[in-house]
Every structure is written in C-alpha cells, then in structure tokens.
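Asker: The following block contains the structure, expressed as structure tokens.
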Amino acid sequence: MQQVYRHNPTSVSLIHYHFLWVVRRKSQVLRGMVAIRLKELISEVCETLEVEVLTLDLYPNAVYLLVSCPPTLAPHQVVHRIKGYTARYLRREFEPLQTLPSMWTRSYFVSTAETIPQKMIKQYISRQKKRT
C-alpha cells in the first residue's frame with residue numbers, strides 16, 4: 001500500500017481505517033446487483049466525505065472497507081455516514097431488502113492497524129452471527 005499523505009494549509013496526515021460491518025439478521029444479500037450497487041454507493045458517499053477507498057471487499061453478509069480519511073473525520077462519523085447512505089438507497093432500490101428491520105447491525109469493527117489478517121475478519125463476522 002502506498003503511503004500518500006494528505007496536505008492542507010494547517011496539517012499533514014496519513015489516517016487509514018479498517019472497517020467491517022455485517023448485514024442485519026445474518027442475511028446473505030450482498031450478491032449480484034445488490035453488491036454492484038453497494039460498491040457504487042460506497043464510492044459516492046466516500047467522495048462527498050473526501051474519503052479515499054483503498055480496499056473494498058464484500059462478503060455475502062458483510063462489508064470490509066479500508067479507507068484513507070482526512071483528520072477532520074472521526075471513525076464513527078465515517079462508518080455512520082456510509083452505513084446510513086447505503087442502507088437508505090439499497091432498501092429503496094431493492095424490494096427484498098425492505099423486509100429487514102434495518103439493513104445493517106448497529107455494531108462495527110474499526111482498526112488503524114496497517115494490516116488486518118483475513119482470519120480476524122472472518123472471526124468478527126462469525127461472532128456477529130452469534131449476537132443477532
């Protein structure tokens with residue numbers, strides 16, 4: 001991964017967040033057109049937030065996202081905006097998703113570590129299955 005620093009008049013920063021969150025009720029809905037549209041929506045909202053998507057991996061019931069963020073955004077602000085924006089449009093555009101009480105669970109994983117092992121991602125997803 002290339003280390004690209006953000007420069008503005010008062011600061012220089014390099015802030016990467018790993019996010020992971022799951023679909024409500026363990027639903028395996030992130031496939032086909034839903035997955036394609038979700039990627040588009042995440043790109044749209046990240047562009048408005050001035051957040052750069054470095055990695056985006058979709059599992060059938062979870063989203064893994066690595067982003068580069070400006071220092072003015074806290075992690076909870078980033079994930080809240082992405083989850084809210086994507087849920088609103090996905091549920092509006094795909095009728096089967098309207099049967100879920102909400103698109104995403106309220107919880108999420110965030111880390112600033114340089115790399116997150118695949119094992120840790122799968123472990124988080126499996127733990128979420130037990131909680132819902």
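Asker: Viscosity 1.002 mPa s, temperature 20 °C: what is the translational diffusion coefficient of the chain from Stokes-Einstein with a Kirkwood Rh over Cα pairs, rounded to a whole number of µm²/s?
Answerer: 139
Asker: Then there is this: If packing is taken as the mean number of other Cβ atoms within 10 Å per residue, what is the order of 59-66, 33-40, highest first?
Answerer: 59-66, 33-40
Asker: Given the rule -39500 (n - 2.57) for each run of at least 4 DSSP H residues, summed and divided by the residues of the chain, what is its mean residue ellipticity at 222 nm, to the nearest 500 deg cm²/dmol?
Answerer: Roughly -13000 deg cm²/dmol at 222 nm, from the helical runs in the chain.
Asker: Could I ask something else about it? For Ser111 and Ser43, calculate 0.36 nm times their separation in residues minus their Cα-Cα distance, and state this gained length in nm to one decimal.
Answerer: Full extension from Ser111 to Ser43 adds 22.5 nm.
Read-outs: derived from the displayed coordinates by stated rules, not from any lab. Note that the structure is a prediction, hence the values are computed from the model and not measured. Here the Cβ is made from the backbone with ideal geometry for all residues, glycine too, and neighbour counts use every protein chain on show.
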